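Novice: I'd like to ask some things about the structure below.
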Amino acid sequence: MRISNRKRILITGGAGFLGSHLCERLLAEGNDVLCLDNFYSGTRDNVAHLLGHPHFELMRHDVTFPLYVEVDEIYNLACPASPVHYQRDPVQTTKTNVHGAINMLGLAKRTKAKIFQASTSEVYGDPELHPQPESYWGRVNPIGIRSCYDEGKRCAETLFFDYQRQHQVKIKVARIFNTYGPRMHPGDGRVVSNFIVQALRGEDLTIYGDGSQTRSFCFVDDLIEGLVRLMSSGDEVTGPINLGNPKEFTIRQLAETALRLVGGQSKLVYKPLPSDDPRQRQPDISLAKAVLNWQPQVQLEQGLDKTIDYFRRLLQA
Ligand code: NAD
Ligand code: UDP
Ligand code: UDP
């Protein structure tokens, strides 16, 4: 018998960058949070400050194995997000996306929990359409070095919509665009963490290719607000729904901005472009604006300042 009215929320990948911010947010709203992680790319340090909280529980578990717990909501975030991490063990990346989705959907089906999937702008691949609306089917290489992630996430979306159609599972699918902020892993190779850490160490900033490729960067607080709004929307809102910041920058502009904000003597150096690196990426967030009344509030320089503070403290520790 339940003796509490608190919502019991499972967050897979909860010790990662986005997951740890989501744990904080959902605890602050008075929920019971079960944070599950296999620590492949996340760390206990990201949630160490929550360990004493009476409504927080941390569990080491790999989502590719079945999980039997009783919950009301599931946020499925488990999956390494940076190319360096997800390409280190690509077979495990596909397993995490596909077997992990099956297990979490099976759990949602049995417990009748609502389930959120952290999908990605990578489902659009190297897009021919710009900016990318949710109706665009994408241009993904099925056999390249990014495929374990891109195709794994696409298959997970398929599973979510089939569990909805076949088993009436309540689903929420967000396609998340590049997000940054405190608790990114300093060594995960993503562009924002790389440039800030390089600038703080006085090392050269490594631009891959000529730096004319574009990305749109969303600060983590804005993104978490979007996830929570999507989860609390009506059952008819399933997504997929784009969440990201539509303001687009070239990678060279990002390097110049990061360097100016950090200060120091670093130079910009040019390295080969990895294969299948998308040329441009910018979300069309009309749907999120209309349905969730959501749009990012934090400007790039503001968000970068907070991220720089975090890495400065981390590198000094
Ligand atoms: P992250 O690597 O910091 O977090 C992922 C977490 O999942 C880590 O703590 C990792 O240890 C855990 N994990 C990996 N495999 C697991 C497994 N088999 N079982 C249990 N835990 C496992 O990455 P993030 O940036 O926080 O991303 C979170 C989610 O959001 C991912 O699903 C990612 O694909 C998605 N996403 C992130 C971004 C972004 O820009 N940050 C963009 C699009 C999508
Ligand atoms: N599963 C789980 N926890 C549950 C229920 C199911 O981990 O509480 C897993 C189980 O391993 C199963 C998968 O989810 O393989 C899919 O479950 P579903 O009921 O859809 O399929 P079935 O059990 O019929 O294969
Ligand atoms: N990038 C770069 N220098 C770095 C790391 C990344 O120029 O040190 C580029 C990368 O080639 C890509 C963009 O920055 O064009 C974003 O890379 P990231 O790995 O952060 O994300 P994704 O490619 O998945 O969007």
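Novice: Which ones in the range 56-75 are within 12 Å of ligand 2 (Cβ to nearest atom) and in a strand (DSSP E or B)?
Specialist: Hit for the range 56-75 is Ile74, nothing else.
Novice: Another one. Can you name the number of the only condition in (1) part of a helix (DSSP H, G or I); (2) closer than 21 Å to Glu24 by Cα; (3) within 19 Å of the chain's Cα centre (by Cα) that Thr94 fails?
Specialist: (2)
Novice: Enumerate the pairs (first residue in the range 148-176 and touching a residue at least 12 places away in the same chain (Cβ under 8 Å) and more than 20 Å from Tyr86 (Cα to Cα); second residue anywhere and among the polar types (S, T, N, Q) and buried (at least 22 other Cβ atoms within 10 Å of the Cβ)) with beta-carbon separation below 8 Å, excluding pairs fewer than 6 apart on the same chain, so at least 6 apart or on different chains.
Specialist: Phe160/Gln117; Ile171/Gln117; Lys172/Gln117; Val173/Gln117; Val173/Ser119
Novice: Starting from residues that are assigned to a helix (DSSP H, G or I) and away from ligand 1 (no atom under 15 Å from the Cβ), keep the ones in the range 146-194 and report whichever is surrounded by the most Cβ atoms within 10 Å (Cβ to Cβ).
Specialist: The extreme case among them is Tyr163.
Novice: Condition (residue is of a type outside the set (S, T, N, Q) and closer than 12 Å to Leu205 by Cα) applied to the range 270-277: is it met by at least one residue?
Specialist: Yes, the range 270-277 has at least one match.
Novice: Let me ask something else about it. Can you find a residue that is within 18 Å of Ala174 (Cα to Cα), loosely packed, with under 15 Cβ neighbours inside 10 Å, touching a Ser or Thr at 6+ places or on another chain (Cβ under 9 Å) and not aromatic (Phe, Trp, Tyr) anywhere in the range 70-88?
Specialist: So far as the range 70-88 goes, no, none of its residues is within 18 Å of Ala174 (Cα to Cα), loosely packed, with under 15 Cβ neighbours inside 10 Å, touching a Ser or Thr at 6+ places or on another chain (Cβ under 9 Å) and not aromatic (Phe, Trp, Tyr).
The numbers here are math on the coordinates, done by the rules we state, and not lab data. Just so it is clear, the structure is predicted and the values come from calculations on it, not from any experiment. A quick note on method: Cβ atoms are made from the backbone with ideal geometry, for glycine too, and the neighbour counts reach across all protein chains shown.
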